[in-house]
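To keep things clear, I will list the structure first and then write my remarks on it.
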Amino acid sequence: MKFDSLQARQCPSLNVDSVANLIVSLQRKTGEIPWFQGGKTDPWDHVESAMGLNIAGFPRKAELAYRWMADRQNQDGSWYSSYIEGVPEDRTCETNMSAYLATGVFHHWLIRRDLVFVKTMWPTVERGIDFAVSLQTDRGEIFWAKSPEGKIDPMALLTGVSSIFMSLKCALALADLVGERRPQWELAFEKLGATIRGSIHIYNISKSRFSMYWFYPVLSGALTGDAAAKRIERYWKKYVIEEQGVRCVSDRPWVTMAETSEFVIALAAMGNHRLARLVFSWIQERVFDDGTFWCGYTFPDMVVWPEEKISWTNAVVLMAADALYAITPASRLFSHAAWDGFRFRG
């Protein structure tokens, strides 16, 4: 048994070993972690899976995943949107994907306190953040992608920039660890946060049917306090199916374990652990016979769809459990109270 934690046993229905072993079984020798057996790999979910490995006690596997990222980085600091066995499938370069490695590496630091590894990954993190910031407008939003032809898509997505906001916090914390100053990142962080808090109307509202559009500004810490609480309360009925979980999209009766788990992390980040535990309890029986979690299911007919066992879905369930039960020293990574601007005080 690789994983053992007194805190985790407070959530007895969660089979951590099975969840972790699924991710381990999907990881290729190169370090790549596809969505499922034979599936694609995208850099954001690959990092999410690596974070799950760290929580479950597989730090070397996580490091291998992060080194895969370093080996695949493009010269401009980006990554392609998806790969199949290391070969680019979709050559779009998304800003949130280029930035998210910073979150993963800082998460690794909080658990392992391995400064040598942080310094090894720092140039890769730095280039990834620089790519994201290079697509920031004077107003503060960050455009979502560069096309395979090298054209910038002049569209900003609230979910994507919220993820980048979190990644910028982590990147600046990593900069402190390696003794670097990045004032241009600090400015980018402040401007981006201001647009999320005060200019949400500038973001592509067509994506508002996705529940991530609702809670990602809270998950990232861009919205805190009363503003966060009001946003959660205002749209609760739009995205939540009581005693079931969180819809992926507001106009479909499809509950997903990943969105539900991320929402649990957002609630815990606000300090509302009571409600977070309640929501997390709703999905504890949505598992296959081996204890790994479904990707999602339709409601009320309870049809599991898709049928594949997804790496990053199971990883974010582990992240939610960590946020609730303090399994690792990284449990407060998303906690609003743990951050003072971009400095982690957890």
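Listing for the model above:
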| quantity | calculated |
| --- | --- |
| Complete set of residues in segment 317-327 that are part of a loop (DSSP other than H, G, I, E, B) and buried (at least 24 other Cβ atoms within 10 Å of the Cβ) | ILE327 |
| Residue match in segment 281-289 (condition: among the hydrophobic types (A, V, I, L, M, F, W, C) and under 22 Å from TYR100 (Cβ atoms)) | no |
| Residue pairs meeting the criteria (Cβ under 6 Å; at least 6 apart or on separate chains; first touching a residue at least 24 places away in the same chain (Cβ under 8 Å), in segment 78-101; second assigned to a strand (DSSP E or B) and hydrophobic (A, V, I, L, M, F, W, C)) | SER78/CYS93; THR92/ALA145; GLU94/ALA145; THR95/ILE142 |
| Pair list, Cβ < 9 Å and 6+ apart or interchain, from segment 121-133 residues that are more than 12 Å from GLN73 (Cα to Cα) to residues that are aliphatic (A, V, I, L, M) and outside any helix (DSSP H, G or I) | TRP122/VAL178; ALA132/ILE142; VAL133/ILE142 |
| Matching residues, segment 105-130, being surrounded by 22 or more Cβ atoms within 10 Å (Cβ to Cβ) and at positive phi | none |
| ASP226 vs. criteria closer than 24 Å to ALA337 by Cβ and of a type outside the set (Lys, Arg) | yes |
| Members of segment 328-346 found to be assigned to a loop (DSSP other than H, G, I, E, B), within 17 Å of HIS273 (Cβ to Cβ) and modelled with pLDDT of 95 or more, listed by number | THR328, ALA330, SER331, ARG332, LEU333, PHE334, SER335 |
| Residue selected from segment 135-193 under the condition β-branched (Val, Ile, Thr) and surrounded by 20 or more Cβ atoms within 10 Å (Cβ to Cβ), by the criterion nearest to ILE111 (Cα to Cα) | ILE164 |
| Of all residues making up segment 132-166, the number that are within 14 Å of THR92 (Cβ to Cβ) and in a strand (DSSP E or B) | 4 |
| Tally of residues being of a type in the set (A, V, I, L, M) and over 13 Å from ALA268 (Cβ atoms) across segment 317-329 | 2 |
| Residue check for ARG181: modelled with pLDDT of 95 or more and either among the hydrophobic types (A, V, I, L, M, F, W, C) or farther than 29 Å from ALA258 by Cα (or both) | yes |
| The lone exception for LYS238 - which of (1) touching a Pro at 6+ places or on another chain (Cβ under 9 Å); (2) farther than 18 Å from ARG277 by Cα; (3) without any contact (Cβ under 8 Å) to a residue 40 or more places away in the chain it fails | (1) |
| Elements of type helices (runs of 4 or more DSSP H) contained in segment 209-316, each with 2 or more residues being in contact with a Phe, Trp or Tyr (Cβ under 6 Å, 6 or more places away or on another chain) and buried (at least 23 other Cβ atoms within 10 Å of the Cβ) | 211-219, 257-270 |
| Which listed residue, of GLY296, GLY271, GLY291, is more than 25 Å from PRO217 (Cβ to Cβ) and modelled with pLDDT of 95 or more | GLY291 |
| Number of the condition not met by ASN204 [criteria: (1) farther than 14 Å from GLY341 by Cβ; (2) modelled with pLDDT of 95 or more] | (2) |
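The values are calculated or read from the model by the stated rules, or taken from the named source; none is laboratory data. All figures in this text were calculated on a predicted structure; none of them were measured in a lab. Every residue, glycine among them, receives a Cβ derived from its backbone with ideal geometry; neighbour counts consider all protein chains shown.
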